[in-house]
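Colleague: Got a structure for you, written out below as structure tokens; questions coming shortly.
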Amino acid sequence: MAEVLSQGEVESLLAALDTTPAAKPKRPEPSSYASSEIVGQISVYDFKRPERVSKEQMRAFQALHEGFSREFGASLSGMLRSIIEVKLISVDQLTYGEFVFSLENPTCFNLLFSEKLQGHVILDLNPSIIYPIVDRLLGGGKAFAQTYPSRPLTEIELRLVSRITKSAISALEHSWINISELGLRVTQVESNPQLVQIVPPNEVIVLISFEISMGEMRGIMNLCIPFNTIEPLAGKLSSDTWSSYGTQQISPQQKAQLEVGISSARVELVAMLAETHLSAAELLHLDVGDVILTERDVKHGLTLMVEGKPTFSADIGQIKGHKAIQIREPLLKVRDVIKRHMEQQQKKESAAPATAEATKPTPGKAGK
């Protein structure tokens, strides 16, 4: 039976081999060659997770969606009549399979389609924040239980969550307007994320994560953008292009086009003669020839309403057999009254020191 060497004997033999001069130089192994030639420059690269999105583009994604988080948070606060904070947590690139298996099941998995991007985008809302929002929309209080049901959303809850999704889409399209018009729409809502396979599992995606806070309750919202979807726009996500959007000024031609477009817009014009209040009994007993008294004097003329807002005072008349109105003057708005009052107050304050200086006695000259 062959003798088995101990660990100490094996280490002694290996040390002896290392100290023995080699008669013929051997070609080093690839690993030893790399470590001897480029010590300190070796970086781990996983071929299953290729980095297809550059650091420049990742910074552009972060800048884009910081603005999105602020706008979406303000929109949610107005909708829920509560203070909602949406904060950007991270921008990472990973594979689609890793993203799907990291999600909870069930969840609110919204599949968004964009013809401009020629692909799909995923908006995932965590149940830990969705159920408190649904409770708030249904009239619940500010407090909510820390536990939430482990079940898919019902049809009524899905209709309510669609309002949140529409608000997120609106803020997302506004944030991307300088890059491209997204034109997103919801095509599918799933509770099990593993049932949706929009790209292969090893496809690279950009995962943008947000934290939604409503009081003491917090939850995660994930925006998943496959690289193939944004590949046509990759050139617009460089730092030079992105920085130019922030400093771009409106040219005179763009300003003129905007003015022409607005000036050709049609507005509703309504001439309101007077208004009064009648009871239901008085309305039922009205007959032809009855006179209805109003609190408006005929000398005051009528009010001209533009898009439902009082804008001008006018007189009613007739010209060439047609009913007509003649504008008297524009109606003063609240801000105009306040502005006029502030101007008068400033004039009084500036005139007061001058008056005091004029009435101040002049000291007499001393004689020699």
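The values are calculated or read from the model by the stated rules, or taken from the named source; none is laboratory data. Bear in mind that the values here come from a model prediction, so they are computed numbers and not experimental data. Heads up, the Cβs are rebuilt from the backbone with ideal geometry, glycines too, and the neighbour counts pull from every protein chain shown.
Colleague: Take region 79-114 and flag every residue that is out of contact with any helix residue (DSSP H, G or I) (no Cβ under 9 Å at 6 or more places or on another chain) and within 24 Å of Leu137 (Cα to Cα).
Modeller: Matches in region 79-114: Leu111 only.
Colleague: Oh, and also: If we keep just the residues of region 155-196 that are in a loop (DSSP other than H, G, I, E, B) and either closer than 12 Å to Thr107 by Cα or not assigned by TED's automatic domain parsing to the domain that holds Pro232 (or both), which is farthest from the chain's Cα centre (by Cα)? Break it down stepwise before answering.
Modeller: Residues of region 155-196 in a loop (DSSP other than H, G, I, E, B): 176-184, 191-192, 196.
From the residues that got through so far, the ones that are either closer than 12 Å to Thr107 by Cα or not assigned by TED's automatic domain parsing to the domain that holds Pro232 (or both) too are 191-192.
Numbers: Ser191: 24, Asn192: 26 Å.
Going through the qualifying residues, I end up with Asn192.
Colleague: Among the numbered criteria (1) within 16 Å of Cys108 (Cβ to Cβ); (2) surrounded by 14 or more Cβ atoms within 10 Å (Cβ to Cβ); (3) at pLDDT below 85, which single criterion is violated by Trp242?
Modeller: Answer for Trp242: the failing condition is (1).
Colleague: Let me ask you something else. Does Glu98 satisfy the criteria of being within 21 Å of Ile208 (Cβ to Cβ), free of Cβ contacts under 8 Å to residues at least 60 places away in the same chain and among the charged types (D, E, K, R)? Break it down into steps so the answer makes sense when it comes.
Modeller: On the way: within 21 Å of Ile208 (Cβ to Cβ): yes; free of Cβ contacts under 8 Å to residues at least 60 places away in the same chain: yes; among the charged types (D, E, K, R): yes.
Against the criterion (within 21 Å of Ile208 (Cβ to Cβ), free of Cβ contacts under 8 Å to residues at least 60 places away in the same chain and among the charged types (D, E, K, R)), Glu98 qualifies.
Colleague: Go through Leu160, Leu117, Leu137, Leu182 for me and flag whichever is within 17 Å of Leu80 (Cβ to Cβ), at pLDDT below 85 and in contact with a helix residue (DSSP H, G or I) (Cβ under 7 Å, 6 or more places away or on another chain). Walk me through how you get there before you give the answer.
Modeller: Numbers: Leu160 fails: at pLDDT below 85; Leu117 fails: within 17 Å of Leu80 (Cβ to Cβ); Leu182 fails: within 17 Å of Leu80 (Cβ to Cβ).
Result: Leu137 is the single residue among Leu160, Leu117, Leu137, Leu182 that is within 17 Å of Leu80 (Cβ to Cβ), at pLDDT below 85 and in contact with a helix residue (DSSP H, G or I) (Cβ under 7 Å, 6 or more places away or on another chain).
Colleague: Then there's this: Go through (1) assigned to a loop (DSSP other than H, G, I, E, B); (2) surrounded by 14 or more Cβ atoms within 10 Å (Cβ to Cβ) and name the single condition Arg151 misses.
Modeller: (2)
Colleague: Can you give me the number of residues within region 299-328 that are at pLDDT 85 or above and either touching a Cys at 6+ places or on another chain (Cβ under 6 Å) or among the basic types (Lys, Arg) (or both)?
Modeller: 2
Colleague: I would also like to ask the following. Among (1) modelled with pLDDT of 85 or more; (2) not assigned by TED's automatic domain parsing to the domain that holds Pro201, where does Ser36 come up short?
Modeller: Failed condition: (1).
Colleague: Which ones in region 293-324 are surrounded by 10 or more Cβ atoms within 10 Å (Cβ to Cβ) and assigned to a loop (DSSP other than H, G, I, E, B)?
Modeller: Thr294, Arg296, Gly301
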